[in-house]
Structure formats: structure tokens, C-alpha cells
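Working notes, beginning with the structure itself.
The values are calculated or read from the model by the stated rules, or taken from the named source; none is laboratory data. Every value quoted in this text rests on a predicted model; they were computed, and no experiment measured them. Cβ: placed from backbone, ideal geometry, glycine included. Neighbour counts: every protein chain shown.
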There are 2 protein chains.
Amino acid sequence: MSEIICTVDIVLLTLKEECLHVALLRREHEPFKGVLALPGGYIHAEEDADTHAAAVRTLQAKTGIASPYLEQLATFSGPGRDPRGWSISISYYALVPENLIGEAGHPHVELLPVERLKGLPFDHLQIVEAAVSRVRNKSSYSSLPVYLCGEAFTLPRLQAVYEAVLGEPVNKVSFRRKIDELGILEPIEGALETGKANRPAQLYRLRKEYRDRLSLTDRALNAR
Amino acid sequence: MSEIICTVDIVLLTLKEECLHVALLRREHEPFKGVLALPGGYIHAEEDADTHAAAVRTLQAKTGIASPYLEQLATFSGPGRDPRGWSISISYYALVPENLIGEAGHPHVELLPVERLKGLPFDHLQIVEAAVSRVRNKSSYSSLPVYLCGEAFTLPRLQAVYEAVLGEPVNKVSFRRKIDELGILEPIEGALETGKANRPAQLYRLRKEYRDRLSLTDRALNAR
DNA sequence: GAAATAGTGTCTTTAAGACACTATTAT
DNA sequence: ATAATAGTGTCTTAAAGACACTATTTC
């Protein structure tokens with residue numbers, strides 16, 4: 001019955017040079033040894049509380065990253081996707097600010113732009129595309145992109161992040177209205193982003209209720 | 001490694017007496033023998049092309065139903081959800097008109113209202129809730145509820161179906177504008193629903209492009 | 001002061017909803 | 001004709017976007 005191979009794969013996304021990038025690693029073992037692929041691995045029934053825990057463990061082990069936002073994407077399956085046999089991959093996606101990868105990430109993590117990816121093993125290209133599509137779609141009506149920013153950020157910066165993710169310009173007034181009525185951000189008292197030859201911008205952070213969660217319910221952060 | 005139990009479960013939903021109902025079956029074997037539960041079963045690596053195929057096969061075998069709309073919901077997992085051991089359930093949801101269950105469905109299929117369900121085995125209650133939540137959410141911006149209607153239906157009927165699913169009244173003018181601009185329905189030439197003591201309503205059907213698909217991409221049917 | 005971007009007030013445009021009116025059937 | 005619901009035209013309200021103006025910094 002169970003010659004089924006059970007794995008998790010994680011699409012770790014970040015914004016680098018204003019473009020979505022995905023974290024890839026060279027595979028240490030066959031199949032596809034030496035090829036860039038998504039971080040992933042077997043579910044460990046002995047130690048994992050569920051597949052989400054397996055994804056957290058795998059992401060930490062392979063990349064060194066603990067992502068505050070990690071959500072299940074979909075399950076991919078079939079006899080052909082893995083040459084070892086009939087397999088299941090429960091895929092997750094995570095969003096982190098780029099500097100986190102630089103600071104906590106293992107040095108061999110490679111960031112590739114999600115556009116024009118090619119030659120990924122297994123069905124990893126399809127998984128990445130599904131993740132990007134989910135993130136784009138969800139960003140259009142939620143506060144997802146805040147997880148691509150660091151702890152503190154300005155509204156102009158957050159707007160630029162939205163625009164990079166959505167791939168289109170965003171109306172400034174509407175954007176600020178929306179963010180305001182979402183009620184998820186708070187200004188950091190007295191903290192301004194100075195240094196540039198213009199009026200300094202107020203720094204904001206996620207309100208406490210929304211920080212430091214490994215996973216968030218849809219309703220918690222969405223407008224509607 | 002793989003003492004992991006791999007199954008699919010299907011949340012088959014229909015509209016009965018203007019309320020969402022889920023199809024349940026009494027389990028034939030332990031665990032929970034004789035208890036009402038979601039139709040589900042093991043993935044057969046020898047014959048299933050993927051988990052979607054496993055869901056189609058399982059739904060057909062257990063209930064006799066072939067649902068035009070069948071979509072992956074999420075994957076549930078862990079050591080405790082099935083007393084037999086660490087298990088994975090890749091869950092799917094399907095929408096069918098009630099008469100299809102009466103005509104093609106096995107006689108032992110039971111329809112229970114999704115509100116106030118209790119005593120479902122495994123984590124099936126959680127799975128049903130996730131499915132209902134997904135359907136409600138998706139119905140608010142897509143044409144999903146047409147799959148709860150039969151082949152031909154009137155716009156007032158479709159509106160009532162939307163209202164039943166969403167649990168709130170829908171503005172008639174806006175509703176018709178939206179359906180019109182979705183462009184997924186076509187009037188059935190000369191077919192009116194007569195018999196009632198009022199002006200007869202035009203009958204509509206899904207346009208050919210949207211009929212008879214086992215699964216539809218999100219983009220195919222959604223407005224935005 | 002000039003240049004640059006932050007932040008806001010307000011008008012315009014567009015979408016959603018309310019309301020009312022006409023249309024067509026059975027009785 | 002009356003009752004009942006289908007179907008549509010149009011006004012109102014609310015949300016989204018455009019535009020312009022003020023604010024605050026560096027040089």
C-alpha cells in the first residue's frame with residue numbers, strides 16, 4: 001500500500017532588487033544531485049507533529065531560516081514527478097525580507113528571480129509558479145507583502161513592495177486608506193527614516209497581534 | 001520511513017432545502033465502523049495518476065457520483081487524526097446539484113446540513129468546515145455556485161442559490177450585471193420556465209467552454 | 001532657496017446598491 | 001382584472017483613483 005514517498009517542499013520567496021526571488025539549494029543526493037531545487041525533504045513521522053511542522057523543520061535545517069509566515073500551498077503528486085517512485089509533495093510557501101536570508105540563511109542558499117526560471121528538477125517549476133500566483137493573488141486583497149519587509153518600514157517602501165509583487169502601480173491615496181482601515185500597522189513613535197534629501201518618512205511596524213506568528217488564519221489579516 | 005498512511009477524503013456538497021449539505025457514508029470497516037464519515041480511501045499508487053485521480057475514483061466508488069467540479073482543498077496530517085497511525089489526508093471538495101445525488105448516487109449516501117454537524121470521526125469536521133469556508137469565500141467573487149444548479153436554471157434560481165451559499169441577500173441588479181459581465185452563461189433559446197402564476201423566467205446554461213470539465217483553473221471562471 | 005519625496009485634502013470616476021417601473025404569465 | 005414574479009432603467013451611495021497642494025528634509 002504505502003510505497004508512496006511523502007515529502008514537503010518549501011517555496012521561500014523574498015524581494016531582491018524589486019523582484020520576487022525564490023531560494024534554491026543544490027541537491028546533495030541523487031536524484032538530481034548537484035542541481036538547484038526547492039528546499040524539501042521527507043516527512044519524519046517519528047518527530048513531526050504534522051506536515052506544517054515538517055516544513056518548519058525542513059526549512060530550518062536546509063536554509064537556516066525560520067519564517068514568520070509559512071502557509072500550505074497545495075499537494076502535488078503522481079508516479080512521474082520523482083524518479084524514485086509514486087510521490088507526494090505537500091508544498092508550503094514562505095515570505096521573508098531579503099536581509100534575513102543574508103543574516104540567518106546558510107551561505108549556499110541561492111536566490112533566483114522567479115521569472116524565467118528554468119531547468120528545475122521534479123515539478124518544482126510548477127510549484128514555484130503556483131506559489132507566485134498565490135502570493136500575487138492574495139496580495140491584491142490582503143496585507144501579505146508586509147512579510148517581505150523587515151521589522152520597521154515606511155509606507156512608501158511598503159507601497160513599492162506591493163507594486164513589485166503585483167507588477168503594477170498602486171494609487172498612493174487608496175493604498176494608504178486601505179492600510180489604515182486594515183488597522184494592522186502602528187507608527188513607531190518618533191522613528192523617522194532620515195538621510196535622504198527630502199521629508200523623512202514615518203517608520204511603521206506590524207501591530208503586536210500580528211507579529212511572531214508561524215502561521216496566520218486567512219481572516220486575521222484580510223480586509224474582507 | 002513510510003509508515004505514513006496516505007488517503008484522500010472528499011467533501012461532496014449540495015444544496016438541499018436551501019441549505020448546504022454534505023454527503024456522508026457509514027464506515028464499513030474499523031476504525032469508526034458504522035459511523036458517518038466523509039467518503040475517502042487509500043491512494044492506490046498502482047492505478048492512480050495523481051491524488052486528483054484518486055479522489056475521482058474514490059468518490060465514484062463510494063457514492064456513485066462523478067462531479068464536474070472537483071478541486072483540491074488542503075492536506076491534513078498528523079499522528080493523531082487516524083488511530084491507525086501517522087496519516088495524511090489530501091482533501092477535495094465537490095459541488096453537485098441535489099438531483100444528481102438522487103439519480104446517480106448510491107442509496108446509502110446521507111445528506112446532512114453542514115451547520116451543526118457533530119460527532120464526525122477523524123478530523124472530518126475540520127475538513128468540512130474548511131470546505132464550506134472555501135466555498136463561501138470563493139462564491140463571493142466567482143461563479144462557483146452554478147455547479148449547485150442543474151443543467152438549466154433561471155437567474156432568479158441562481159440568485160437564490162448564491163444567497164443560500166453566502167447566507168445573505170444579494171442585490172438583484174448588481175447580481176445580474178455581474179453574471180452578465182462574467183460571460184459564462186447563455187440563454188437557452190426559447191426555453192422559459194413556465195407553470196407559475198407569473199411572468200416566466202428565461203432558462204440559462206453554462207456556456208460550452210465551461211461545461212463538462214472535471215477541474216477548472218481558477219482563472220477560467222473568475223471575474224478578477 | 002531648490003530639489004526631492006512624504007503626507008493629505010478634494011474632485012472625478014466607477015462600481016454597488018436601492019427603488020421603482022414595465023412585462024408576462026396563471027387564475 | 002389581479003396577483004405574482006421576471007426583467008430593466010435610473011437615481012443614490014460608496015469605493016477607488018487622479019490631481020494638486022502642503023510639509024519637511026538635504027544640499
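Pairs please, first residue from the stretch B:172-185 and away from chain A (no Cβ under 14 Å), second anywhere and assigned to a helix (DSSP H, G or I) and more than 11 Å from DNA strand C (Cβ to nearest atom), Cβ atoms under 6 Å, 6+ apart in sequence or on different chains.
Pairs that qualify, where the first residue is away from chain A (no Cβ under 14 Å) and the partner is assigned to a helix (DSSP H, G or I) and more than 11 Å from DNA strand C (Cβ to nearest atom), are B:PHE175/B:GLN159; B:ILE184/B:TYR210.
Can you tell me how many residues in the stretch A:183-209 are outside any strand (DSSP E or B), of a type in the set (A, V, I, L, M, F, W, C) and near DNA strand D (Cβ under 10 Å from one of its atoms)?
So the answer is 1.
Residue by residue, here is whether (1) touching a strand residue (DSSP E or B) at 6+ places or on another chain (Cβ under 7 Å); (2) within 9 Å of chain A (Cβ to nearest Cβ); (3) free of Cβ contacts under 8 Å to residues at least 60 places away in the same chain holds:
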site	(1), (2), (3)
B:GLU30	no, no, yes
B:LEU38	yes, no, no
B:HIS44	no, yes, yes
B:GLY64	no, no, yes
B:LEU73	yes, no, no
B:VAL96	yes, no, no
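Looking only at the stretch B:171-203, which residues are in contact with a Pro (Cβ under 9 Å, 6 or more places away or on another chain) and within 11 Å of DNA strand C (Cβ to nearest atom)?
The answer is B:LYS172, B:LEU192, B:GLU193, B:THR194, B:ALA201, B:GLN202.
If I go through the stretch A:46-60 residue by residue, how many of them are more than 13 Å from chain B (Cβ to nearest Cβ), over 15 Å from A:LEU13 (Cα atoms) and in contact (Cβ under 8 Å) with a residue 24 or more places away in the chain?
Summing the residues that are more than 13 Å from chain B (Cβ to nearest Cβ), over 15 Å from A:LEU13 (Cα atoms) and in contact (Cβ under 8 Å) with a residue 24 or more places away in the chain in the stretch A:46-60 gives 1.
Please verify whether A:LEU185 is surrounded by 15 or more Cβ atoms within 10 Å (Cβ to Cβ), in contact with a helix residue (DSSP H, G or I) (Cβ under 9 Å, 6 or more places away or on another chain), of a type in the set (A, V, I, L, M) and at pLDDT 95 or above, treating the condition exactly as stated.
yes
Just checking, which of B:VAL173, B:VAL132 is modelled with pLDDT of 95 or more and crowded, with 18+ Cβ neighbours inside 10 Å?
Among B:VAL173, B:VAL132, only B:VAL132 is modelled with pLDDT of 95 or more and crowded, with 18+ Cβ neighbours inside 10 Å.
For B:ILE10, indicate whether it is over 14 Å from B:LEU148 (Cα atoms) and outside the structural domain of B:TYR210 (by TED's automatic domain parsing).
yes
Could you list all residues from the stretch A:1-28 that are within 14 Å of chain B (Cβ to nearest Cβ) and out of contact with any Ser or Thr (no Cβ under 9 Å at 6 or more places or on another chain)?
A:MET1, the sole residue that qualifies.
So is A:THR154 within 12 Å of DNA strand C (Cβ to nearest atom), under 18 Å from A:GLU18 (Cα atoms), of a type in the set (Val, Ile, Thr) and away from every other protein chain (no Cβ under 14 Å) or not?
So A:THR154 passes the test.
Within the stretch B:152-178, which residues are part of a helix (DSSP H, G or I), closer than 22 Å to B:VAL96 by Cα, more than 10 Å from DNA strand D (Cβ to nearest atom) and more than 18 Å from the chain's Cα centre (by Cα)?
Scanning the stretch B:152-178 gives no hits.
One residue is enough: does the stretch A:205-213 have a residue meeting the conditions within 12 Å of DNA strand C (Cβ to nearest atom), modelled with pLDDT of 95 or more and either not assigned by TED's automatic domain parsing to the domain that holds A:TYR92 or not polar (S, T, N, Q) (or both)?
So far as the stretch A:205-213 goes, no, none of its residues is within 12 Å of DNA strand C (Cβ to nearest atom), modelled with pLDDT of 95 or more and either not assigned by TED's automatic domain parsing to the domain that holds A:TYR92 or not polar (S, T, N, Q) (or both).
Those residues that are under 19 Å from B:LYS33 (Cα atoms) and either within 7 Å of chain A (Cβ to nearest Cβ) or in contact with an Asp or Glu (Cβ under 9 Å, 6 or more places away or on another chain) (or both), I need them from the stretch B:85-94; list them, please.
Across the stretch B:85-94, the qualifying residues are B:GLY85, B:SER89.
How many residues does the stretch A:102-118 hold that are modelled with pLDDT of 95 or more and over 11 Å from A:LEU15 (Cα atoms)?
Result for the stretch A:102-118: 11.
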